[in-house]
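The values are calculated or read from the model by the stated rules, or taken from the named source; none is laboratory data. Remember, it's a predicted structure, so these values are computed and weren't measured experimentally. In this analysis, Cβ positions are derived from the backbone assuming ideal geometry, glycine residues included, and neighbour counts consider all displayed protein chains. Ligands, DNA and RNA are excluded from the accessible area calculation, which covers all protein heavy atoms including side chains. Shrake-Rupley method; radii C 1.70, N 1.55, O 1.52, S 1.80 Å.
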Amino acid sequence: MLPGRAPAPDAAMFPFGKQRMRRTLPGAVAALVLGLLLPVSCAVYGYGVGTWVFAVIWFLVFGLAGVVMAWAVWGDRDAYLAFDATGVWWWHDKSAHAVMPWDALETVGLFWCPGPGNPGRRLVSLELCPAGGVPEPQEPELAPLFVEEQAGLAGIPDRRYRIGLPVFAVRHYGGALIEAARSGAAHRWVGEHERPAGYLRPEDLIS
């Protein structure tokens, strides 16, 4: 861990939180405006009680949808993944962030499997394997990334760290994100490996 530092200016930066917010907020605003449309019309044209009841229900449905959408993306607005000469930088929020220096890693690989109910959607994770194994006790920042499960692949120990890449980040940035990880890991890279469906779950992703 490298506390108090940030990725280098030339880091391969993937601010998926901001990108998702830019795409989602217009929909949230549209839902709120649509929710207000009927109540405002009732007030302007003096509609009866029956219409007002429907207008309130209308507002609650669309207004709540807009608020939920806005709240979800606002909370993740600072989320990013970055790769530079130092290592892998993951930032989800002020209470969940980690840095894994390349020098502390022995191997780095990538797992992917079909998403549940949608074989066309891939769930992807970056597998980070510390040199000498996962230390005990673990650093608090890295503990949420720890997994212990059989990899079944040479160079990928059972005890390791995993960054589950958000579906949105993989979909938006495509191969550029994976290429940045591969290039940064250099000789530590052990390739991409398909796993059976169900190996990764949506809850394993970091966002």
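I'd like to know if the range 164-173 contains one or more residues that are at pLDDT 90 or above and touching a Leu at 6+ places or on another chain (Cβ under 6 Å). Walk me through it before giving the result.
From the range 164-173, those at pLDDT 90 or above are none; that's our starting set.
Checked against the condition, which is being at pLDDT 90 or above and touching a Leu at 6+ places or on another chain (Cβ under 6 Å), the range 164-173 yields no hits at all.
For the range 52-111, list the strands (runs of 3 or more DSSP E) that sit wholly inside it and hold at least 1 residues that are surrounded by fewer than 18 Cβ atoms within 10 Å (Cβ to Cβ); which are they? I'd like the intermediate steps shown before the answer.
Values: elements: 80-83, 87-93, 96-101.
Filter on the range 52-111 gives 87-93, 96-101.
Considering the range 146-175 alone, what residues qualify as being within 30 Å of R23 (Cβ to Cβ) and open to solvent by less than 10 Å² (accessible area, probe 1.4 Å)?
Correct list: Y161, I163, G164, L165, P166, A169.
If you scan the range 110-146, which residues turn out to be within 28 Å of H172 (Cβ to Cβ) and without any contact (Cβ under 8 Å) to a residue 24 or more places away in the chain?
If the condition is that a residue be within 28 Å of H172 (Cβ to Cβ) and without any contact (Cβ under 8 Å) to a residue 24 or more places away in the chain, then G117, N118, G120, F146 are the ones that fit.
Do any residues in the range 4-23 that are open to solvent by less than 30 Å² (accessible area, probe 1.4 Å) have Cβ atoms under 7 Å from those of residues that are among the hydrophobic types (A, V, I, L, M, F, W, C) and in a loop (DSSP other than H, G, I, E, B), where the two are at least six apart or on different chains, and which pairs are they?
Between residues of the range 4-23 that are open to solvent by less than 30 Å² (accessible area, probe 1.4 Å) and residues that are among the hydrophobic types (A, V, I, L, M, F, W, C) and in a loop (DSSP other than H, G, I, E, B), the close pairs are F16/A79; G17/A79.
Return a yes/no flag: does the range 102-109 have any residue that is within 25 Å of R201 (Cβ to Cβ), over 15 Å from the mean Cα position of the chain (by Cα) and at pLDDT below 85. Before the answer, list the steps.
Filtering the range 102-109 down to residues within 25 Å of R201 (Cβ to Cβ) leaves 105, 107-109.
In the following step, the residues that additionally are over 15 Å from the mean Cα position of the chain (by Cα) were identified as 105, 107-109.
Now drop any that are not at pLDDT below 85, which leaves none.
The answer is no; no qualifying residue exists.
Does the range 99-109 contain any residue that is free of Cβ contacts under 8 Å to residues at least 60 places away in the same chain and aromatic (F, W, Y)?
Checking the range 99-109: not a single residue is free of Cβ contacts under 8 Å to residues at least 60 places away in the same chain and aromatic (F, W, Y).
(1) within 30 Å of W74 (Cβ to Cβ); (2) in contact with a helix residue (DSSP H, G or I) (Cβ under 7 Å, 6 or more places away or on another chain); (3) of a type in the set (F, W, Y): which one isn't true of W102, the others all being true?
(1)
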